[in-house]
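Remarks on the structure that follows.
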Amino acid sequence: MGHLVPPLILLLFIGALWPVFARTDYQTACESLEINEIEDLRKLQNCTHVEGHVRLAYLDFAAGNYSADLLASNVTEISDYLMVYRCIGLLSLQLIFPRLRIIRGHSLLFDQYSLVVYDNRNLRELGFVELLRIQKGSIRVESNPLLCFVETVDWVYLMGNATQQHYSLRHNRPQSLCPLCGGPNADFEFLSNSSDHCWNLNSTQLRPQPPRMNDCPEACGRSGCDNAGKCCDHSCVTGCSLQNCSLCANYQGKYGCVNQCIASYEINKRKCIGYRECRDLGRIPLIHGYQCVKKCPGNQKEFLDAKGMIHCQVECKGDFHVKSAADLDVLQDCITINGSLTIELENIKEKIVEALENALVSVTSITGYLKVINSAQLVSLTFLQNLDAIRGDKLVENKYALYVVNNYHLEHIWPQNHQVIIQRGMLFFHLNPRLCYEKIHQLQSSLKSGESISVADVSPNSNGERVICGEAVRSLNATVEDLNSTAVRIILDYMDWEGMETLIGYSFYYKEAPLQNVTMYDGRHGCGHDNWLMDVAPTKSRRHLITKLKPYTQYAYFVKTLTRTDYHMQMDAYSKIGYFQTLPDRPSPVVRIRGSSEISSQILLHWWPPIRPNGVIKNYYVSYEKYNVTKEKKDKNYLTSLASNAKDSDCECIDVQPYYSGPQPDDEDYYNKDQITYDDALPNLIYVSRNHDYRRKEFEKVRDYEHLLSIKKQEDPTTPAPPTPPPTNDTLEKEKLAAKTYDEFRLKSEERQRDLQDQNKEKYNIRHAMPRCQNSHASVVQQVEDKCVVEEVPNGEALPGDRHIHHLSQLEPDTFYRITVRACVEGVVNGCSTPADAIIKTTTLRMERFIKGF
C-alpha cells in the first residue's frame, strides 16, 4: 500500500496551491435538463455548467448496456438544484458527476431544496468527490435503503449559510452496517483514509485549507484567516480573499466575488459583466433585470435601434384574458397594455391576488377596456395600484370601457385617494352585491365623456344589496388595551343607544404586518385564501381577546360590526387599521447540534438557531461535561448529533404549540359561502321592523294609556275611557313631563347598555409574566407573597446571539462529552430555552498526528 498517496496529503497539497485550485474559466453553458432515459445523459457531455436544474428520474441502469464514457459528464456547476429520484441500478453518482463542484441554489425544488436524493433502491454511495459548496437551499437524502457514506460527509462545511440551511438524512442504510472512512475495502485491505469525512472508501471529502486555522479570531469559525489574522470570506469557495478567488459562491464580478450584480449584467447565473462585454459575446443586455441573454424573454420583442443593435422591449400587445396565475407571465413588467384586459378567475383555491399584485404593479394604462367578471376571489381592484388611465380605444359592446359584472365579494374599486381616468366609454356595473352603489357613482368624475351614469348601466338594486352603505356606515374607535406574548385585548368605544338596537357582535380581522403599510384590501381573497385571520365575537361586549399569536411579532388589525338589518334601521361600522406588537417570550430549543474534532483537545461546535426565536436572541450558553457511554455507543462513528430534545428541521412541533393560522383549504367545504361570509349570513338570521321614532311614540302611548287607566279605575272601573280632550295648558305640561320622562328613560337605558358592554370584564384578563424578585435568594414563600420569580443564572459560557459556532478547548483526547446549548431572549425573565444536548467525542492523538503529517 506504500505506493498510494494518502488522500489527506493530497488535500494538504491542494490547500497549499489554493490560488490555482480551480479549472480554467472556460465554461459551456446549458439550460435545465430532464434526464428520464439513459440516452438523455448525452445532454450532459458538452456541458460544464447548468444554467438551471438537473433532474434524474426513473432511470434504469440495471440493463448495463451503457459505457462509462456515456455516463460521465463534465458538469462542474449547477445554478439551481439537483434531484435524483427512483433510479434503478445506479450504484454511485460519481459515475455521472465526477467533477461537480458547486450547487448554487438560485431556484429551489419546492422552494426549499437544492439537493434531493430520494428512493433510489440500489444506490451505494453519493460520490460527489469534488463537491465543495451547496450555497443555498436545504439537503434531503432519504429512503435509499443501501446508501452508505452519508453520515461521513461534513454537510455543515458544504453549506453556504448553515444557520438558514438544513439537511435531513433518514431511512438510508444504518451506519452500523456501513464501512468506515479508512476501513477495509472489498479486498480486505486497509486504506489509509485519514479523515472522518469521506464520500467513499477511496475519496476523502475535499476541504481546501485557509492560510491559517490556529490563532484566528473566534468569529472566523471554520473559514480560518489569512496570515494577517483577517477572517477569510465565505463567499469565496476556493480561497481566502474575494479579489483572488477562482470559484465564487454567488457571482464572479470584475474585481472579485460579489453577492449580486450591481451596475452590471448577470450571465449564466454565475458572473457579472459589463454592457460592452455582453455585446461582444453577441448577447442582448436587458434593462429590466440587468441580465445578458441570448434572446428576448417571452413577453419582450426584439427591435433594432438606429445603429442596428438588437434590444428587447416589453410588448404587451393584444387582448389578454387572465383565468389563473399562469396567464400573468406575459403581463410581467408591462407598463402599457396595448389592448384590453379581461379578468375572469376560475380556481377559487388559487392564491391569485398576490400574483395579480406582483404581475400588474407596473401597469399605468390600458388602451382598450378593462373587464372584470365572475371573479368571486376579488375583494377589490387595488392590485392595479398604478393604473392611471383606461383609454377606451376598444369598448365592450361598443360602449363600455370599465365592465364589472358578477363579482360576489367585490367591495372596493381603486386604491384610496387614487383616480383612474376613463378617456372614452362608459361604466357597466351589475351583480356586485357587496359593492356599494355610492362607491360606483364616485367614478362619475373619471368619465371624460361627460355623460351621467345611468341606472341601466349601474343598478342600485344589484350592486351593494348585501351590505350596508352610505351614511349608515359609521366609524369605530378600536385600541389595544393590554397584551402579552401570545394574546392581545382590544377595546372599543361605547356603542350608542341606536347602535345597540341592531348590534349582534363584532368581527376582528388581523394579520402579521412587518411594516406599517397595510390597507384593508391588501391581498384580500374573497374566498378566505389570504393572510387575514378573523375572530367572530357574537356578543355586545366592547372587549375582545385575540389569542394564539406569535411572540415578538407585529400585527395589523381592524374591527367591523355585525348587525341585524331591517328596512327602517340600518347601521354598520368599521375601525381604521391599527398595529400592535406582541411581547417576547422564551424561544424554542436550538434545532440541531453538530460537532467535529480534528485536534484531540478541541471540538468545533456548530448549532442551528431555534425555529421560533420569539424575540431577539441575546446569548447562547454552551456548557459541557464528560460523559460515560456504553460499549455499543462507543463503537459508533458519530461525530454529529441531533439535539436530544429536538426533531428534524422540517418538524414544527418543538417545545411549544405551533402557531395556528386557521383552517386550511383542503376541500370544497372550506369555501362554503355560508361558512365564511358571516357578514352575509348573520344579518339574515333576524328581521325586525321598527325604528327609533316608532319606539318613542310607542313608549308615549303606553305611558299615557297607563295614566288614564289608573284615573278611570279610581272613578269607575266599568266606565270606558273618555275620549282624548283637545290640547290645553295642562296637556302641554303633561307632554313636557313626558319628554322629560323619556329623556330619563333613555339615559337609564344608555346606562344599562354601557353596563351590558362592560359585563364580565374578568373574562378578558391577560396573564403576564411575573417580574424578577429584588432578592435573588428569595424563598418560595417570598416569591408567592411578592408575586415575583427568582432569575435563573444559566450555566456555561455566554456567547453572542449572532454566533452559531464555537471552539471547545482543553479537552481530553478520545473522550466523550455531553455538550448543552441554550438560547436566551433579551428582555424576558428566565427567557432561556429548554437545553438541547449532544454527545460528541474528541479525536485520538494518533489521528491528530496523522492529520498534521507527523
Ratio of alpha-carbon Rg to the 2.2 N^0.38 Å globular estimate for segment 550-624, to two decimals, please.
2.19
Through the Karplus equation 6.51 cos²θ - 1.76 cosθ + 1.60, θ set to phi - 60°, convert the phi angles of segment 271-277 into ³J(HN,Hα) values in whole Hz; use x for Gly and Pro.
9, 10, 10, x, 4, 5, 5
Would you work out which of Leu146, Gly224, Asn268 lies farthest towards the positive end of the dipole of segment 146-275? Charges go on Cβ: Lys and Arg +1, Asp and Glu -1.
Asn268
Tell me, what % of the accessible area of segment 474-532 is carbon and sulfur with a 1.4 angstrom probe?
45 percent
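Would you mind working out the magnitude of the charge dipole of segment 303-425 relative to its Cα centre, with +1 at each Lys and Arg C-beta and -1 at each Asp and Glu C-beta, to the nearest 20 Debye?
It comes to approximately 300 debye.
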Using the Cβ atoms and a cut-off under 15 Å, what net charge is assigned to the surroundings of Lys394, where Lys and Arg are +1 and Asp and Glu are -1?
+2
Heavy-atom accessible area with a 1.4 angstrom probe orders Lys511, Lys550, Lys626, most exposed first, as Lys626, Lys550, Lys511
Give me the percent of the accessible area of segment 393-472 that comes from carbon and sulfur atoms, probe 1.4 Å, all protein chains in place.
46 percent
Take each of the peptides 165-171, 515-521, average the number of other beta-carbon atoms within 10 Å over its residues, and list them starting from the highest.
165-171, 515-521
Note: segment 775-854 at 25 °C, 0.890 mPa s; Kirkwood Rh on alpha carbon pairs; Stokes-Einstein D in µm²/s works out to 150 µm²/s
Tally Lys and Arg at +1 and Asp and Glu at -1 over the other residues with C-beta under 13 Å from the C-beta of Asp457: what net charge comes out?
-1
At 1.4 Å probe size, with no ligands or nucleic acids counted, give the accessible surface of Trp199 in Å², nearest ten.
0 Å²
Mind checking the log10 I(q)/I(0) for segment 283-383 at q = 0.17, 0.23 Å⁻¹? Debye, one equal scatterer per Cα, no solvent, two decimals.
-0.80, -1.22
Please list, by residue number, every one of the trypsin sites (Lys or Arg not before Pro) in segment 255-341 that is coil in DSSP and has at most 13 other beta-carbon atoms within 10 Å.
Lys294, Lys295, Lys307
Run the Debye formula on the Cα coordinates of segment 310-436, all scatterers equal and no solvent, and tell me log10 I(q)/I(0) at q = 0.09, 0.13, 0.15 1/Å.
-0.23, -0.48, -0.65
Relative contact order of segment 215-359: what whole-number percent is it, with Cα pairs under 8 angstrom and at least 6 residues apart?
11 percent
Please compute one quarter of the surface area of the Cα convex hull for segment 202-270 and express it in square nanometres.
6.2 nm²
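Kindly rank 345-351, 121-127 from highest to lowest mean number of other beta carbons found within 10 Å of each residue.
The packing order, highest mean first, is 121-127, 345-351.
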If amide H atoms are modeled at 1.01 Å from N in the peptide plane, then the residues at a separation of 5 or more from Leu562, or on another chain, having amide H under 5 Å from its own are Ile504, Gly505, Tyr506, Ser507
If you plug each phi of segment 215-229 into the Karplus form 6.51 cos²θ - 1.76 cosθ + 1.60 with θ = phi - 60°, what whole-Hz ³J(HN,Hα) values come out, in order, with x for Gly and Pro?
6, 8, x, 4, 5, 5, x, 7, 6, x, 8, 7, 5, 8, x
Probe 1.4 Å, accessible area per residue of segment 449-562, Å²
41 Å²
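How large is Rg over Rh for segment 455-552, taking Rg from the Cα atoms and Rh as the Kirkwood inverse mean of 1/r across Cα pairs?
1.02
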Rank-order 540-548, 748-756 by packing density, defined as the average count of other C-beta atoms within 10 Å over each peptide's residues, highest first.
540-548, 748-756
Contact order relative to length of segment 119-170, as percent, for alpha carbon pairs under 8 angstrom and 6 or more apart:
47 percent
Using Cα-Cα distances under 8 Å and only pairs 6 or more residues apart, what relative contact order does segment 450-582 have, in percent?
34 percent
Rounded to the nearest 5, what % of the DSSP beta bridges within segment 322-471 are antiparallel ones?
5 percent
Dipole-positive endmost among Leu384, Ile413, Tyr403 within segment 369-414 (Cβ charges, Cα centre)
Tyr403
Under a Cβ-Cβ cut-off of 9 Å, what is the net charge of the residues other than Gln300 that fall near it, where Lys and Arg count +1 and Asp and Glu count -1?
-2
Tell me, what HN-Hα J-couplings in whole Hz come from the Karplus equation 6.51 cos²θ - 1.76 cosθ + 1.60 at θ = phi - 60° for each residue of segment 495-508, using x for Gly and Pro?
7, 6, 5, 5, x, 5, 4, 10, 6, 9, x, 9, 10, 10
Viscosity 1.306 mPa s, 10 °C: Kirkwood-radius Stokes-Einstein D of segment 184-313 over Cα pairs, µm²/s
87 µm²/s
Compute the projected area of the convex hull of the Cα atoms of segment 383-478, averaged over all viewing directions, and report it in nm² to one decimal place.
7.1 nm²
In debye to the nearest 20, how big a dipole does segment 421-495 give about its Cα centre with +1 on each Lys and Arg Cβ and -1 on each Asp and Glu Cβ?
280 debye
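The values are calculated or read from the model by the stated rules, or taken from the named source; none is laboratory data. For clarity, every value in this text was computed on a predicted model and none was experimentally measured. Here the Cβ is made from the backbone with ideal geometry for all residues, glycine too, and neighbour counts use every protein chain on show. Note: areas computed on protein heavy atoms with side chains; ligands, DNA, RNA excluded. Shrake-Rupley method; radii C 1.70, N 1.55, O 1.52, S 1.80 Å.
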